[in-house]
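A.B. asks: Got a structure for you, written out below as structure tokens; questions coming shortly.
Please treat every number below as a calculation from the coordinates, not as lab data. Note that the structure is predicted; figures quoted are calculated from it, not measured. So basically every Cβ, Gly included, is an ideal-geometry build from the backbone, and we count neighbours across all protein chains shown.
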């Protein structure tokens, strides 16, 4: 496909991403069909129905959508938000391969290096201290060896995965269930800034101004899995958004692992619900204990002896204190 200059091709792709009542897969079809806004503008409802091979319940006002795309583009430029479409060379290649990739992704920072593997880590928002510490150590030791983690910037396991990632040299990555300028929860805004300062990125399929909603988080989870080579679930309850990420990981052909601290210890009672992760293990998910396990499963052997070296004690204490909301 011969690409037009970014200003025209990019705006066309942004317009297509905003079309209402169109499936994600259908937006990709339209991205591949049209090469100019003028070509899209002259299409009738029937023309689009023929391309999509189905009837449309309603048709759109393309001029109104073009105006919205112009406003979004202006906001992005003012707020230092970038965006890239599915057919652009900068679009993450692993994400492009999933069944329903976003036609456009918005981001601040630098997108992941496609030559480097990402580990997705997600889990409960209310983890046990043991599970939180284990995730922190796995992410931190991987980061010290140059491997990055991607998670959802939620409270609990997500936040601890990001914090662990930040103790090493690797950039960190977060995917939001809202617009880039709507970090949720707001208490994680400082963490989002640290992610950007690491030369990582905050990523979303939603344009600026979109508020988080119940349906945006499950959709966000497929992007976390899509960006990852493998996905780790830590201490997920029986009903957990992390299990949605697990389902996407399996659907997308990703490795799916569970942390050992995400499972119940039969020798002692626990107030933490771990039934979701235990179900994953009973269904065949493998258990990992450390960063060394990740490297072994990725067939990476060099520097493996460093994979589980002690992290900075002060940094770990500080992160756990923040997680537990106590003064030190």
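A.B. asks: Using only alpha carbon pairs under 8 Å that are at least six residues apart, calculate the relative contact order of the chain and give it in whole percent.
C.D. replies: Computed value for the chain: 15 percent relative contact order.
A.B. asks: Where does the chain land at 222 nm, in deg cm²/dmol rounded to the nearest 500, when only DSSP H runs of n ≥ 4 count, each adding -39500 (n - 2.57), divided by all residues?
C.D. replies: Values: 14 runs with 140 residues, N = 328.
Calculated at 222 nm, the ellipticity per residue is -12500 deg cm²/dmol.
A.B. asks: So if R0 is 22 Å, what FRET efficiency would residue 125 and residue 238 give, r being the distance between their Cβ atoms, rounded to the nearest 0.05? Could the numbers behind the result be given before it?
C.D. replies: Working: r = 14 Å, r/R0 = 0.65.
That gives a FRET efficiency of 0.95.
A.B. asks: Which distance in nm do the two modelled labels at residue 71 and residue 51 give, with both placed 7 Å along the Cα-to-Cβ direction?
C.D. replies: Going by the 7 Å Cα→Cβ label model, 2.4 nm.
A.B. asks: Taking 37 °C and 0.692 mPa s as the conditions, I'd like the Stokes-Einstein D for the chain in µm²/s, using the Kirkwood hydrodynamic radius from alpha carbon pairs. Spell out each step's value before the answer.
C.D. replies: On the way: Rh = 20.7 Å.
Value of D from the Cα-based Kirkwood radius: 159 µm²/s.
A.B. asks: With viscosity set to 1.567 mPa s at 4 °C, what whole-number translational diffusion coefficient in µm²/s follows for segment 6-80 from Stokes-Einstein and a Kirkwood radius over Cα pairs?
C.D. replies: Values: Rh = 12.9 Å.
Here the translational diffusion coefficient equals 101 µm²/s.
A.B. asks: Taking N as the number of residues in segment 161-269, what value does Rg over Cα atoms divided by 2.2 N^0.38 Å take?
C.D. replies: In units of the 2.2 N^0.38 Å rule of thumb, it is 1.15.
A.B. asks: How long is the gain from residue 199 to residue 115 if the chain were fully straight, where each residue apart is worth 0.36 nm and the alpha carbon distance is subtracted?
C.D. replies: Here the answer is 28.6 nm.
A.B. asks: For residue 282 and residue 79, FRET efficiency with R0 = 45 Å and r from the beta-carbon atoms, rounded to 0.05? Please list the in-between numbers first.
C.D. replies: Values: r = 46 Å, r/R0 = 1.02.
Using R0 = 45 Å, I get an efficiency of 0.45.
A.B. asks: If you count the DSSP beta bridges with both ends in the chain, what percent of them are antiparallel, to the nearest 5?
C.D. replies: Around 30 percent of the beta bridges assigned by DSSP in the chain are antiparallel ones.
A.B. asks: Okay, moving on. Could you compute Rg(Cα) / (2.2 N^0.38 Å) for segment 90-213, with N its residue count?
C.D. replies: 1.00
A.B. asks: Picking from 252, 134, 43, which is most flexible by a Gaussian network model of the chain using Cα springs under 10 Å?
C.D. replies: Maximum among the listed residues: 43.
A.B. asks: Compute the relative contact order of segment 6-80 as a whole-number percentage, counting only Cα pairs closer than 8 Å that sit 6 or more residues apart in sequence.
C.D. replies: Values: 33 pairs, mean separation 29.2, N = 75.
Over segment 6-80, the number comes to 39 percent.
A.B. asks: For residue 29 and residue 62, FRET efficiency with R0 = 22 Å and r from the beta-carbon atoms, rounded to 0.05?
C.D. replies: The value I calculate is 0.85.
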